[in-house]
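The values are calculated or read from the model by the stated rules, or taken from the named source; none is laboratory data. All of these numbers come straight from a predicted model, not from anything done at the bench. Backbone-built Cβ (ideal geometry, glycine too); neighbour counts: all protein chains shown.
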Amino acid sequence: MTEARVAGVGLTHFGSHPDRTGRDLFATAALRALDDAGVPRGDVEELNYGNFMGALAEHQGHQAPLMAEAAGLDCPATRYEEACASAGVAVREAVRTVRAGDADVVLAGGMERMTNLPTDEVTEALAIAADDLFEVRAGVTFPGAYALMASAYFDAYGGSRRDLAHVASKNHENALPNEYAQYRREVSVEDALSAPPVAEPLHLYDACPITDGASALVIVSEEYAETHDVDAPVAVTGTGQGTDRMALADRDHLARTPAADDAAAAAYADAGVEAADVDVAEVHDCFTIAEVLAVESLGFFAPGEGIRAARDGVTTADGDLPVNLSGGLKAKGHPVGATGGSQIAELTRLLRGDHPNSEHVADAEVGVAHNAGGTVASAVVHVLEVAE
Amino acid sequence: MTDRSAGDEVRADGGESRPGNAGHDEWLDALADGDGYALVCPDGHGSLPPRRVCPDCGSTALSREPLPETGTVETFSVVHVPSPEFADDAPYVSAIAEFGPVRLTGVLRGVEPELDAVAVGRSVGAGVEERATDGKPLVVFRPVADDA
């Protein structure tokens, strides 16, 4: 089996671009990724494209051919949709395609356009990631679902809003030097605690923003990189995916994310690494509580112990295991269908040493990306390692 | 008795109005009439309709079991930023409550929409009431006196 390498990464600025079309956003990211890789677009054999709510936001279905055209690609193109894990599965399938020898070069990523809709319509659109009959019609919003998980966590293990506020503050601080981040401003723990409620116990700064943006990665085989003299020092050595019951109420545990447990176990086994080997992680912190659940599923902390990780300084930039040095979804932004690709782009930059926060992980060799859909009915985990 | 939603001929709306969601619609009607039920397989796994197989074990021998009259709140949230369909309902308490073999998701009424007014473990009954915003049916929990 050939090894899959990340030859190039491309991102748009994550933020508010209400007048920019989805096709323009994705083309920007794709061209940047191809330029970063030094791979001619004619060598791209497949496009794996993630998008969640384009049918609602842009009245645009069947987006993959549109995005191939926008990026100047002439190859089979497929859209992947797994809610907020859409780009994660798009990347996973690119890795599997390259490893299987079915293609040497796959462009994978995603795009989401959100700020052109009013907030209540975005809230409604995001809610379709939940079970329509038993959750959405019963009043569950996207923040509300994570609030239900936060309450369940507090009840099962303890913890407080202040612990969560430390997650928000940490990720905002990490975003300060990131040129792609939506919010490059400090948010103190006290700011987070005093923000208005969205779905209690979660308040405004527990939630990621509404974001437009796109991500793209050029995934190549090790042989392609060698024969074409492409610099691709980071390998995707592990990929794993997990699926759980759709509705939160049907899960075995309301304060755990078994789909992410499964995805992490599979990715670690695939890579031949353990949780203790991981030096840096980008995790799906759509809400502060989601980062807590993620670091527990990834095996960095036992259930009930992840809540203190940011507050105790373990996952801060200077901690033993920095989490979300990009700023995370929380501060960098969350264009949902692009996020899974963005996480791997950021992790690649961190491991290559060309990220503005690379200094915090100068010796890092193993990174993990954790991307989740809905209330983690879907989860994708990737292990990245410095290969050269 | 085998769940009637297993029959392709079931039409929840009687063919008179917009297509409904067969299985789910009659479950909601039953809950509204005080006859709420879960689908239960021989191994005791509970689920909600429409179902053709038990999602836990794959059994197709699903029977209707009445829900207990009283359930227990397992988690809750006070929602301040609603979707448009709940604009006039907010703030409201969103909750998940265990009723025997299943958990239900609904809105907890009869308490102030404040975190301190609710607690995990609270005993509730379940029924169907109208959404304040548009009058559509909504699974609603209301507190009941705890068994002394």
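State the number of residues belonging to the range A:72-127 that are among the hydroxyl-bearing types (Ser, Thr, Tyr), modelled with pLDDT under 95 and crowded, with 21+ Cβ neighbours inside 10 Å. Show your work before the answer.
As a first pass, look at the range A:72-127 and keep what is among the hydroxyl-bearing types (Ser, Thr, Tyr): A:78, A:80, A:86, A:97, A:115, A:119, A:123.
Those still in the list that are modelled with pLDDT under 95 too: A:119, A:123.
Right, trim to crowded, with 21+ Cβ neighbours inside 10 Å and you get A:123.
Count: 1.
In the range A:318-353, how many are surrounded by 24 or more Cβ atoms within 10 Å (Cβ to Cβ) and among the acidic types (Asp, Glu)? Before the answer, list the steps.
Our first condition is that a residue be surrounded by 24 or more Cβ atoms within 10 Å (Cβ to Cβ); within the range A:318-353, this holds for A:323-348, A:350-351.
Filter once more, so that each one left must be among the acidic types (Asp, Glu): A:346.
Of the residues in the range A:318-353, 1 are surrounded by 24 or more Cβ atoms within 10 Å (Cβ to Cβ) and among the acidic types (Asp, Glu).
Confirm whether residue A:120 is within 12 Å of chain B (Cβ to nearest Cβ) and either more than 18 Å from the chain's Cα centre (by Cα) or among the hydrophobic types (A, V, I, L, M, F, W, C) (or both).
On the way: within 12 Å of chain B (Cβ to nearest Cβ): yes; either more than 18 Å from the chain's Cα centre (by Cα) or among the hydrophobic types (A, V, I, L, M, F, W, C) (or both): yes.
In short, yes.
Restricting attention to the range A:348-388, which residues are among the acidic types (Asp, Glu) and either modelled with pLDDT of 95 or more or part of a strand (DSSP E or B) (or both)? Reasoning before the result, please.
The initial filter retains those residues of the range A:348-388 that are among the acidic types (Asp, Glu), namely A:354, A:359, A:363, A:365, A:385, A:388.
Scanning the range A:348-388 gives A:354, A:359, A:363, A:365, A:385.
List, please: which pairs have Cβ atoms under 6 Å, are six or more places apart or on different chains, and start with a residue in the range A:57-83 that is at positive phi and end with one that is among the small types (Gly, Ala, Ser)?
As it stands, the answer is A:83/A:129; A:83/A:373; A:83/A:374, since those pairs meet every condition given.
Among the numbered criteria (1) more than 14 Å from chain B (Cβ to nearest Cβ); (2) surrounded by fewer than 24 Cβ atoms within 10 Å (Cβ to Cβ); (3) under 16 Å from the mean Cα position of the chain (by Cα), which one does residue A:213 miss?
Going through (1) more than 14 Å from chain B (Cβ to nearest Cβ); (2) surrounded by fewer than 24 Cβ atoms within 10 Å (Cβ to Cβ); (3) under 16 Å from the mean Cα position of the chain (by Cα) one by one, residue A:213 breaks only (2).
Taking into account only those residues within the range A:243-278 that are among the acidic types (Asp, Glu) and out of contact with any Pro (no Cβ under 8 Å at 6 or more places or on another chain), which is farthest from residue B:48 (Cα to Cα)?
A:277
How many residues, within the range A:293-335, are among the aliphatic types (A, V, I, L, M), under 18 Å from the mean Cα position of the chain (by Cα) and not in a loop (DSSP other than H, G, I, E, B)?
Just the residues of the range A:293-335 that are among the aliphatic types (A, V, I, L, M), to begin with: A:293-295, A:298, A:302, A:307, A:309-310, A:314, A:317, A:321, A:323, A:325, A:329, A:331.
From what's left, under 18 Å from the mean Cα position of the chain (by Cα): A:293-295, A:298, A:321, A:323, A:325, A:329, A:331.
Adding the requirement that they be not in a loop (DSSP other than H, G, I, E, B) leaves A:293-295, A:323, A:329, A:331.
Number satisfying all stated conditions: 6.
Looking at (1) out of contact with any Gly (no Cβ under 6 Å at 6 or more places or on another chain); (2) surrounded by fewer than 24 Cβ atoms within 10 Å (Cβ to Cβ), find the lone condition where residue A:58 falls short.
The one condition residue A:58 does not meet is (1).
Of all the residues that make up the range A:153-168, how many are touching a helix residue (DSSP H, G or I) at 6+ places or on another chain (Cβ under 9 Å), at the interface with chain B (Cβ under 10 Å from one of its Cβ atoms) and over 24 Å from residue A:327 (Cβ atoms)?
1
If you go through the range A:148-159, how many residues are under 19 Å from residue A:208 (Cα atoms) and touching a residue at least 60 places away in the same chain (Cβ under 8 Å)?
Within the range A:148-159, the subset under 19 Å from residue A:208 (Cα atoms) is A:148-151.
Imposing the further condition that a residue be touching a residue at least 60 places away in the same chain (Cβ under 8 Å) reduces the set to A:148-150.
So the answer is 3.
Answer with yes or no whether residue A:131 is out of contact with any helix residue (DSSP H, G or I) (no Cβ under 9 Å at 6 or more places or on another chain) and facing chain B (nearest Cβ under 9 Å). Give the derivation first.
Details: out of contact with any helix residue (DSSP H, G or I) (no Cβ under 9 Å at 6 or more places or on another chain): no; facing chain B (nearest Cβ under 9 Å): yes.
It is false that residue A:131 is out of contact with any helix residue (DSSP H, G or I) (no Cβ under 9 Å at 6 or more places or on another chain) and facing chain B (nearest Cβ under 9 Å).
Which members of the range A:134-152 meet the condition of being among the small types (Gly, Ala, Ser) and either under 20 Å from residue B:90 (Cβ atoms) or more than 7 Å from every other protein chain (Cβ to nearest Cβ) (or both)? Let's see the steps before the verdict.
Residues of the range A:134-152 among the small types (Gly, Ala, Ser): A:138-139, A:144-145, A:147, A:150-152.
Hits for the range A:134-152 are A:138, A:139, A:144, A:145, A:147, A:150, A:151.
Here's the yes/no breakdown for (1) under 27 Å from residue A:248 (Cα atoms); (2) touching a Ser or Thr at 6+ places or on another chain (Cβ under 7 Å); (3) hydrophobic (A, V, I, L, M, F, W, C):
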position	(1), (2), (3)
A:278	no, no, yes
A:282	yes, yes, no
A:287	yes, no, yes
A:302	yes, no, yes
A:310	yes, yes, yes
A:314	no, no, yes
A:317	no, no, yes
A:321	no, yes, yes
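Can you tell me which residues in the range A:217-244 are in a loop (DSSP other than H, G, I, E, B) and of a type in the set (Asp, Glu)? Full working, then the answer.
Residues of the range A:217-244 in a loop (DSSP other than H, G, I, E, B): A:228-233, A:244.
Hits for the range A:217-244 are A:229, A:231, A:244.
Out of the residues in the range A:137-177 that are among the aromatic types (Phe, Trp, Tyr) and under 27 Å from residue A:124 (Cβ atoms), state the one that is surrounded by the most Cβ atoms within 10 Å (Cβ to Cβ). Give the derivation first.
As a first pass, look at the range A:137-177 and keep what is among the aromatic types (Phe, Trp, Tyr): A:142, A:146, A:153-154, A:157.
Subsequent filtering for residues that are under 27 Å from residue A:124 (Cβ atoms) retains A:142, A:146, A:153.
Details: A:142: 30, A:146: 26, A:153: 27.
Going through the qualifying residues, I end up with A:142.
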